[in-house]
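These notes concern the structure reproduced below.
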Amino acid sequence: MIRSLLIANRGEIARRIIRTARRMGVRTVAVHSDVDAGLPFVTEADTAFCIGSAAARDSYLRQDRILAAARETGAEAIHPGYGFLSENAEFAEAVAAAGLVWVGAPPAAIRAMGLKDAAKARMQSAGVPVTPGYMGEDQSPDRLRREAGATGYPVLIKAVAGGGGKGMRRVDAAEAFDEALASCRREAAAAFGDERVLIEKYILSPRHVEVQVFGDTFGNVVHLFERDCSLQRRHQKVIEEAPAPGMDAQTRAAVCEAAVRAAQAVGYVGAGTIEFIADASEGLRADRIWFMEMNTRLQVEHPVTEAITGQDLVEWQLRVASGEPLPLRQDALAIDGWAMEARLYAENPATGFLPSTGPLDHMRLPETVRVDSGVEQGDAVTPFYDPMIAKLVVHAPRRTEAAARLAAAARAVEVWPVRTNAGFLARAAADPDFVAGRVDTGFIERRLEHLVPDAEPCETVLQVAAAALLPAGPDDPWIALAGFRTNAEPHVEIAVEVGGSLRVVKVQDAVRKSSARVRHLADGGQVLFLDGVAWPFGPPRAERLAGSGQVSDGAILAPMPGRVIAVAVEEGATVTRGQRLVVIEAMKMEQSLAAPFDGIVVAVKVTEGDQVSESALLVRVEAGS
């Protein structure tokens, strides 16, 4: 058995690996960037080693520094987690060349499945069904256009080296093909250094079904059943579950056996996932499910498979990498209940899911479910890495119970001042169609308006916030009699500012029955949490009471925490409606803020390079006379 393990990753997955390694008596080494030095995965490891500065290219992607850290700390093996170098065949070879154990897929398998066209050709040879389309060497626009027509519109143009939704375009008609092809090639070349594409038939009612496979060095390969990852937004998974809803025993057997054949075809060792696309227009059927690609690593959503099988997949990885056979044979594996996982991200659904960075001054995650998190209260979400705060994982005997538990877990999330998608997740998990299993990859986009929480506070939020500002408890006779009317419910009128909105609220006695939670922060502020959404509140600011106007009266506020990368105006400048004023950046995304009307810039509160918090005043514009 491996005795010491370096984890070439960070955050949540690093903590996850450390947890299993510690239980197995394996010493762990954490490598980290300078900005990650205080995160839990660094302090929880037995040894920590700084490998560079914040940017991933200067730290977590530096193969030489990771190998040097392994030598200096005496690590015997390297676990790459997922992302970063986890599917880099050259790094896997370098690990082996250094005399270390690679806890991952064989380099040959990584290469074989790394290019979508070659992988699909190999799968066809192995008898694994693949999506109809074109994967040929002739990449001329004329040939690709003809093949798209032969496949039948709509089609999907995909980069052969793609992933993460990049280099992918849906085309519904022949006249739109050339423009979509050119755009796809540009994006593929920029993201992967390879502009080659393939053509696939676009499935109109698609489900994303994937199978967890595992192989050992003795030629054994098993599956640990399927997961459904159809709830996606912009090709990024949001909620995953296992098993797949609507999957009967016959279809499950066909799909899982095809996944095992796929793994065997490349001599697979370790944890991997075979991804399929299913046409669910008539339910899940074996003849309507096709191979899409293989992920030659552990998946983010592996906890749902662990929940329904009772197996620790990281332990399986360490045992297989140590030369042991698979812990269980196929006939010893079974499905127990239903599991779901939701990805809690630092993003604001109310502003189009813009990323949210900054300190986690207040953070409480549910204690009744499995929570895999890379951060804790007092840490920070930085703009340098993936903005996932945690994974919420539930397990129940039946699917409807799992959905209810997931919705409740998302509602219980409390994070501030970083914004999260918890309210969005709660609504998605409680949606009647989701609960009924009527899902496909277009589910979120079709129901986005319903799933995104309202940007304005509801009556419950206003009531609770206003009640929290009352100067004394309910036993105070002066408060108890305020607003008293014969034969009417007593109430108190109070002005309150909630989420930037100034309201006068009549506080009713029924507010005591609300499930909202009020938290008092160390800086003296107050935040109300209801159904996963955070609402900062307090008494009206002096300038609001003085009648300086609403936020939309010309106060340009930061929509997210970030860095100011451009200030395009000066005080006294005359601007027109729509003119760019300030540009801020967070999570490698830029947001340009424009003048809401014609007017004069009366205040500029920031300069280029400033770090700003959400809702910070950047510029104020007054209408010209």
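Taking the condition closer than 16 Å to Pro141 by Cα and out of contact with any helix residue (DSSP H, G or I) (no Cβ under 9 Å at 6 or more places or on another chain), does Ala188 pass? So Ala188 fits the description; yes.
Conditions (1) out of contact with any strand residue (DSSP E or B) (no Cβ under 9 Å at 6 or more places or on another chain); (2) in a helix (DSSP H, G or I); (3) closer than 23 Å to Arg297 by Cα, marked per residue:
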{"site": "Ile110", "(1), (2), (3)": "yes, yes, yes"}
{"site": "Lys120", "(1), (2), (3)": "no, yes, yes"}
{"site": "Asp138", "(1), (2), (3)": "yes, no, no"}
{"site": "Asp142", "(1), (2), (3)": "yes, yes, no"}
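Among the conditions (1) buried (at least 16 other Cβ atoms within 10 Å of the Cβ); (2) at pLDDT 95 or above, Val160 misses just one, which is (2).
For the range 571-599, the set of residues classified as in contact with a Gly (Cβ under 9 Å, 6 or more places away or on another chain), outside any loop (DSSP other than H, G, I, E, B) and surrounded by 18 or more Cβ atoms within 10 Å (Cβ to Cβ) consists of Val575, Ile584, Ala586, Gln591, Gly599, listed by residue number.
Within the group Phe177, Phe225, which residue is aromatic (Phe, Trp, Tyr), at pLDDT 95 or above and assigned by TED's automatic domain parsing to the domain that holds Arg122? On inspection, the qualifying residue turns out to be Phe225. When you scan the range 238-255, do you find a residue that is within 25 Å of Phe353 (Cα to Cα) and basic (Lys, Arg), even just one? There is no residue in the range 238-255 that is within 25 Å of Phe353 (Cα to Cα) and basic (Lys, Arg). Within the range 424-445, residues that are over 13 Å from Cys229 (Cα atoms) have Cβ atoms under 8 Å from residues that are in a helix (DSSP H, G or I) and of a type in the set (Phe, Trp, Tyr) in these pairs: Ala428/Phe434; Asp433/Phe443, counting only partners at least 6 apart in sequence or on another chain. Applying the condition of being touching a Lys or Arg at 6+ places or on another chain (Cβ under 9 Å) and touching a residue at least 24 places away in the same chain (Cβ under 8 Å) to the range 275-285 and asking which residue is surrounded by the most Cβ atoms within 10 Å (Cβ to Cβ) yields Ala278.
Of all the listed residues (Ala97, Ala112, Ala119, Ala108), the sole one being under 25 Å from Met292 (Cα atoms) and either in contact with a Pro (Cβ under 6 Å, 6 or more places away or on another chain) or surrounded by fewer than 18 Cβ atoms within 10 Å (Cβ to Cβ) (or both) is Ala108. Here the condition is being charged (D, E, K, R), farther than 26 Å from Pro106 by Cβ and in contact with an Asp or Glu (Cβ under 8 Å, 6 or more places away or on another chain); of Asp279, Asp228, it holds for Asp228 alone. When the residues of the range 210-225 are filtered to those that are surrounded by fewer than 24 Cβ atoms within 10 Å (Cβ to Cβ) and not polar (S, T, N, Q), the one that is farthest from Pro132 (Cα to Cα) is Phe218. For the range 52-75, taking the residues that are among the hydrophobic types (A, V, I, L, M, F, W, C) and surrounded by fewer than 22 Cβ atoms within 10 Å (Cβ to Cβ), the one that is farthest from Val300 (Cα to Cα) is identified as Ala68. If we keep just the residues of the range 373-383 that are surrounded by fewer than 20 Cβ atoms within 10 Å (Cβ to Cβ) and either in contact with a helix residue (DSSP H, G or I) (Cβ under 7 Å, 6 or more places away or on another chain) or not assigned by TED's automatic domain parsing to the domain that holds Val415 (or both), which is nearest to Gly437 (Cα to Cα)? Filtering the range 373-383 for residues that are surrounded by fewer than 20 Cβ atoms within 10 Å (Cβ to Cβ) and either in contact with a helix residue (DSSP H, G or I) (Cβ under 7 Å, 6 or more places away or on another chain) or not assigned by TED's automatic domain parsing to the domain that holds Val415 (or both), the one nearest to Gly437 (Cα to Cα) comes out as Ser373.
Annotation note: of Arg27, Arg22, the sole residue that is of a type outside the set (A, V, I, L, M, F, W, C), surrounded by fewer than 19 Cβ atoms within 10 Å (Cβ to Cβ) and under 23 Å from Val371 (Cβ atoms) is Arg22.
Entry remark, the range 291-301: residues being within 26 Å of Arg438 (Cβ to Cβ) and either modelled with pLDDT of 95 or more or in contact with a helix residue (DSSP H, G or I) (Cβ under 7 Å, 6 or more places away or on another chain) (or both) number 5 in total.
Screening Phe49, Phe41 for residues that are at pLDDT 95 or above, buried (at least 18 other Cβ atoms within 10 Å of the Cβ) and out of contact with any Ser or Thr (no Cβ under 8 Å at 6 or more places or on another chain) leaves exactly one candidate, Phe41. Restricting attention to the range 144-184, the residues that are part of a strand (DSSP E or B) and within 30 Å of Asp386 (Cβ to Cβ) total 14. Taken together, Val260, Val314 contain a single residue that is aliphatic (A, V, I, L, M), surrounded by fewer than 23 Cβ atoms within 10 Å (Cβ to Cβ), at pLDDT 95 or above and touching a His at 6+ places or on another chain (Cβ under 9 Å), which is Val260. Based on what the data block shows, is Arg207 of a type in the set (Lys, Arg) and either under 21 Å from Arg288 (Cβ atoms) or buried (at least 18 other Cβ atoms within 10 Å of the Cβ) (or both)? Judged against the criteria, Arg207 is a match. One residue stands out among those in the range 234-256 that are touching a residue at least 24 places away in the same chain (Cβ under 8 Å) and assigned to a helix (DSSP H, G or I): the one that is farthest from the chain's Cα centre (by Cα), which is Gln250.
The values are calculated or read from the model by the stated rules, or taken from the named source; none is laboratory data. Predicted model, so just to flag it, every value in this text is computed and none were measured. Don't worry about glycine lacking a Cβ; one is built from the backbone with ideal geometry, like all the others, and counts go over all protein chains shown.
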